[in-house]
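Taking it in order: structure first as C-alpha cells, then the write-up.
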Amino acid sequence: MTRQVLLDALKASTTALEDAHTVLAQHHESLDGARSLRGLGQDQAINWLEKVHHLALGGTTCASRWAEQEPAGREQLWERARHLSRELRQYQGAAQLYQVCIAKFGEDAYSSHYCAYNLDRARGDLEQIRRGYAVAAAGDPENPWWQQRWIRFLIAHGTLADARAAWQHAIRSIDPDGTRLRSSPWLALNLHYWVARRWLAVGRLDDAREVLSEVPERWLAEEAELRELLQVLTAQEQALALGESVYPASTPVEARWSHPRSLRSVRSGRQLIAWAPGRVVEALPTAVTVVVAPTPDEAQQLTFDAETWRHMAGELAEDADGFFELGSYDGGEQVVRPVPDDGEGARLDLEEDELIARVTAWSP
C-alpha cells in the first residue's frame with residue numbers, strides 16, 4: 001500500500017511506470033533464476049517475489065514472462081488482473097485471470113466479484129456475471145461494494161422485486177441498526193449513492209428516493225456527490241409531476257419558484273404582481289407555443305401569436321428558444337425574459353454501464 005501511495009504521488013505516466021517495472025523485473029530476474037517459489041532460499045525467494053510483482057505491472061514485454069511464472073497465491077493473480085483492468089482496460093483478460101485464480105485456489109468473494117465486474121465491462125455472458133456477483137454478495141455480505149454492484153446488476157438485468165429484496169438484505173447485513181450510516185458518510189457514498197444512481201439511470205424515481213431517504217440530512221447537505229444526486233432526483237420528480245421541465249438543469253432546486261431571476265420587481269413604475277418559469281416548446285414564424293408552471297404542481301401550455309410574442313419578449317417568434325420567465329405587472333403588461341443557463345447543475349452524466357442499464361431496463 002505504501003509503495004502504491006508513493007507511485008501515485010509521482011504522477012508518472014503509465015508508460016513510464018511500465019518501463020520502470022520492466023527494468024526492475026530484469027534486475028530481480030537476474031538474481032532469482034526461477035519460475036516458481038518452491039525450493040528457493042530466502043534471498044532467491046525475495047528476488048522472485050519482486051520479479052513477479054514488477055512483471056505483473058510491466059509493459060508488453062513482461063506479459064509473456066509473467067505468464068511463465070507459477071503463482072504462489074491469489075494476490076499475484078489479483079495484481080496482474082488489476083493492472084489489466086485499471087490501466088490497460090483489458091477487461092476480458094482480467095476476467096480470465098480471476099477465473100484462473102478461482103480454479104487454482106478455490107472460490108473467494110474477491111475473485112468472484114471482480115471476475116463478474118470485468119466480464120460485465122467486457123459485455124460477457126450475463127449468467128456468468130450474475131453468478132459472480134451473487135457469489136461475492138453471499139460470501140461476504142457485509143461488503144458494501146459487493147452488495148451495491150450485485151444490486152445494480154439486478155436493477156439492469158434482473159427483476160425489480162429481486163433488486164429491492166437484495167437492497168433490503170444488504171442493509172440488514174451491513175448496517176442493520178443504522179449506526180454506520182449515522183456515524184460517517186462513507187457508507188452512504190459507497191452504497192446508497194451508487195444504488196440510487198442506478199435506480200435514477202433507469203428512470204425509477206420512487207426507488208431512488210427511497211434509497212436516499214435513508215441517508216441522514218447532514219450527509220445529503222455536506223457531501224457533494226450526494227447533494228448533486230439529490231438535486232438531479234428532485235429536478236426529475238418536478239419535471240415528472242409537471243409533465244414538462246421549466247427550469248434549466250443548472251438552477252438549484254432550492255432556488256426554483258422562490259423568486260424570479262430575470263424579471264425586475266418594478267418596471268416603468270409598475271410592480272410585478274405574478275410570474276412563472278417556462279420553456280419554449282415550439283417556435284414558428286406565426287406563433288410560439290410554451291409551457292409555464294406558476295407552481296411546482298401546476299403546468300399549462302400556452303400559444304402566443306407572433307405579434308404578442310414580439311411585444312412581450314422583444315424578439316421574432318421564430319427566434320424563441322429555451323427557458324424563460326413570464327411576468328405580469330400592474331396595468332396588465334406581460335413580459336418575457338430569458339433565464340440564463342450556466343451549463344452546470346442537476347444533470348446525471350451516465351456512464352457506459354448506466355446507459356446500457358437504461359437501454360436494457362426500457363427494452364420491451
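No lab work stands behind these numbers, since they all come straight from the coordinates. It should be emphasised that the depicted structure is a prediction, and the values quoted were computed from it without experimental measurement. Positions of Cβ are generated from backbone atoms using ideal geometry, with glycine treated the same way; all protein chains shown enter the neighbour counts.
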- [ ] Could you point to the residue in TYR91, HIS157, ALA103 farthest towards the positive end of the chain's charge dipole, with +1 and -1 charges on the Cβ of Lys/Arg and Asp/Glu respectively?
- [x] ALA103
Task: Cα-centred dipole magnitude for region 141-242, charges only on beta-carbon of K, R (+1) and D, E (-1), debye, nearest 20 - done: 220 debye
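Over the chain, what is the mean sequence separation of C-alpha contacts under 8 Å (at least six apart), divided by residue count, expressed as relative contact order in percent? Can you show the working numbers first?
On the way: 526 pairs, mean separation 36.7, N = 364.
It comes to 10 percent, rounded to a whole number.
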Task: Assigned charges on the beta-carbon of Lys, Arg, Asp, Glu; region 40-193 dipole about Cα centre (debye) - done: 500 debye
Task: Lys, Arg +1 and Asp, Glu -1 on Cβ, resulting dipole of the chain about Cα centre, debye, nearest 20 - done: 820 debye
Task: Unit charges at the beta carbon, dipole of region 115-182: most positive-side option, ALA170, GLY139, ALA122 - done: ALA122
Open item on the list: Calculate the FRET efficiency for SER262 and ASN190 from the Cβ-Cβ distance with a Förster distance of 35 Å, rounded to the nearest 0.05.
Closed with: 0.30
Task: Residues in region 47-69 reached by a label modelled at ASP19 [backbone nitrogen below 19 Å; 7 Å Cα→Cβ] - done: 54-63
Open item on the list: Could you tell me which residue out of GLY314, VAL195, VAL246 lies farthest along the dipole of the chain toward its positive end? Charges go on the beta carbon: Lys and Arg +1, Asp and Glu -1, centred on the Cα centre.
Closed with: VAL195
Open item on the list: Explain nothing, just the number: relative contact order of region 266-338, from Cα pairs under 8 Å at least 6 residues apart, as a whole percent.
Closed with: 35 percent
Open item on the list: I want to check the label-to-label distance for THR286 and GLU68. Put each point 7 Å from Cα in the C-beta direction and report it in nm to one decimal.
Closed with: 8.1 nm
